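One structure is given below, represented as structure tokens, and several questions about it will come after.
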Amino acid sequence: MKLKQLEGLLGDLQQFSNPKVELEQYPTGPHIASRMLFTAENSYGDISDKVVADFGCGCGTLSAAAALLDASYVMGFDIDPQSLETATLNAEELEVEIDFVQCDITNLELKGQIVDTAVMNPPFGTRKKGADMEFLSAAMKVASQAVYSLHKTSTREHIKRAALRDFNAKSAEVLCELQYDLPKLYKFHKRKEVDIAVDLWRFEPRQN
Amino acid sequence: MLSCNIKGVSNGFPLRIEAGKVIEKEVDFNPDFLKHMFAKIEWKALVEGARSMGYAELPEDSPDATVLDSGDETFLRKLHHALLELHLEEGALVCPETGRKFPVNKGIPNMLLHEDEV
Ligand SMILES: C[S@@+](CC[C@H](N)C(=O)[O-])C[C@H]1O[C@@H](n2cnc3c(N)ncnc32)[C@H](O)[C@@H]1O
């Protein structure tokens, strides 16, 4: 599938109808989502024929992208049942198979590296400090091959250090810097859209 | 199905499946993927899980890995069905240790813990 085509399909998905501030529910836009998964597939071969997990999947944009790029099995995890309902509809609309699980990533007990690749757009930790790190820590425990994630560019050094030192990463690499526009979903945003710089990371977990 | 299964295998102890409604979906047969998964799954948990959803064709003991490449697809077909085509639509996942039930609604298991369980 071509990048443009992927972006187009993702652009048709439904997004959060009632975003919940405390969960940092902002959509991973089709532009970023398509590039993220496209890179994972075309530069690293981490998607097609792989088992992929999407942490904090929300309405399932990243899960859908993985499924469209021929992941053999995709699972989406989120704490919020409304989002998962939308995600289920999105998957049906695209005619892709995705299994969704409602759970809290921060106390998810998964046994070992049961997926090949994890992809995620975690909460940036602006509402609940450290949420981004909790997601990363969890993802590094379940993926055997690679973790793709978005984090604020301002936290780059911190992320790198934590990944290598605390989260069992063999490598931690910023693939590119992206503009993430947070739509004005929340009252506390003054301007219509706030652009923030985020890094697209690729981490390689050590084999356990 | 796998989510229950992965959940099952993944919570330290396999969760039991309490089947309310099970649906079957047809999924493309992909032998390479199945071989890949075979190495990852906990056999007993899968056998149990499939049985509680009404599918009892899997052998009790984990077959030798050689069967995967034997050219005989019978086993792979069964694995395919149990792993990918059975979906728990309504029901619950039950922790064998505490009896705690995690409900499954519209195919989505709810693994959230209550405040006092965290
Ligand atoms: C930035 S959004 C990701 C959006 C998603 N990639 C999409 O395309 O819609 C972050 C998501 O994490 C979820 N979330 C926040 N805290 C969570 C937690 N503790 N456990 C699981 N999910 C959580 C939110 O519900 C939200 O859907």
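The values are calculated or read from the model by the stated rules, or taken from the named source; none is laboratory data. Because the structure is a prediction, the values reported are computed rather than measured. So basically every Cβ, Gly included, is an ideal-geometry build from the backbone, and we count neighbours across all protein chains shown. Keep in mind that these areas ignore ligands, DNA and RNA; they rest on the heavy atoms of the full protein, side chains included. Shrake-Rupley method; radii C 1.70, N 1.55, O 1.52, S 1.80 Å.
Per residue of the stretch B:22-31, what does 6.51 cos²θ - 1.76 cosθ + 1.60 with θ = phi - 60° give for ³J(HN,Hα)? Whole Hz please, x for Gly and Pro, Karplus curve as stated.
Those phi angles translate into 10, 10, 10, 10, 8, 10, 4, 7, 10, x Hz.
Still on this model: I want to check the label-to-label distance for B:E89 and A:C176. Put each point 7 Å from Cα in the C-beta direction and report it in nm to one decimal.
Modelled inter-label distance: 4.2 nm.
Counting partner chain Cβ atoms within 10 Å of every residue's Cβ in A:84-93, what's the average?
Mean inter-chain Cβ contacts per residue within 10 Å come to 1.
In terms of modelled amide H atoms, which long-range or inter-chain residues lie less than 5 Å from the amide H of A:H151?
A:D199, A:W201
Now, a different point. Which semi-axis lengths, in whole Å and largest first, follow from the square roots of five times the eigenvalues of the Cα gyration tensor of chain A?
Three semi-axes, in Å: 22, 21, 17.
Am I reading the B/A interface right? What is its buried accessible area, both sides, 1.4 Å probe, to the nearest 100 Å²?
Summed over both sides, the interface buries about 2100 Å².
How many angstrom lie between the C-alpha centres of the stretch A:119-155 and the stretch A:71-115?
16
Turning to a different aspect of this structure: How much of the DSSP bridge set in the protein assembly as shown is antiparallel, in percent, rounded to the nearest 5?
Beta bridges within the protein assembly as shown, antiparallel portion: roughly 65 percent.
Hey, what's chain A come to in accessible area per residue, 1.4 Å probe, Å²?
Result: 44 Å² per residue.
Still on this model: For the stretch B:2-117, what is the Kirkwood hydrodynamic radius in Å, using each pair of distinct C-alpha atoms?
It works out to 14.8 Å.
Is there a quick way to get the dipole size of the protein assembly as shown? I mean about its Cα centre, with the Cβ of Lys and Arg at +1 and of Asp and Glu at -1; what is the value in debye to the nearest 20?
Computed about the Cα centre, the dipole is about 1340 debye.
Provide a whole-number value for the mean count of partner chain Cβ atoms within 10 Å of the Cβ atoms in peptide A:95-108.
5
Cut-off 18 Å, label point 7 angstrom out along Cα-to-Cβ of B:K44: give me the residues of the stretch A:95-118 whose amide nitrogen falls inside.
So the set is A:111-112.
In addition: Applying the Karplus parametrisation 6.51 cos²θ - 1.76 cosθ + 1.60 with θ = phi - 60° to the phi angles of the stretch A:117-134, what ³J(HN,Hα) value in whole Hz is obtained for each residue in order, glycine and proline being reported as x?
So the Karplus estimates, Gly and Pro as x, are 10, 10, 10, 6, 10, x, x, 6, x, 7, 9, 10, 4, x, 4, 4, 6, 5 Hz.
What value, in deg cm²/dmol to 500, does the helix sum -39500 (n - 2.57) over DSSP H runs of n ≥ 4 give at 222 nm once divided by the residues of chain A?
Per the formula, -10000 deg cm²/dmol.
Ok, one more. Can you tell me how much longer the chain between A:E95 and A:D195 gets when fully stretched, taken as 0.36 nm per residue apart minus their C-alpha distance, in nm with one decimal?
Result: 32.7 nm gained on full extension.
Averaged over peptide B:98-111, how many Cβ atoms belonging to another chain are found within 10 Å of each residue's Cβ?
Per residue, the average neighbour count from other chains is 4.
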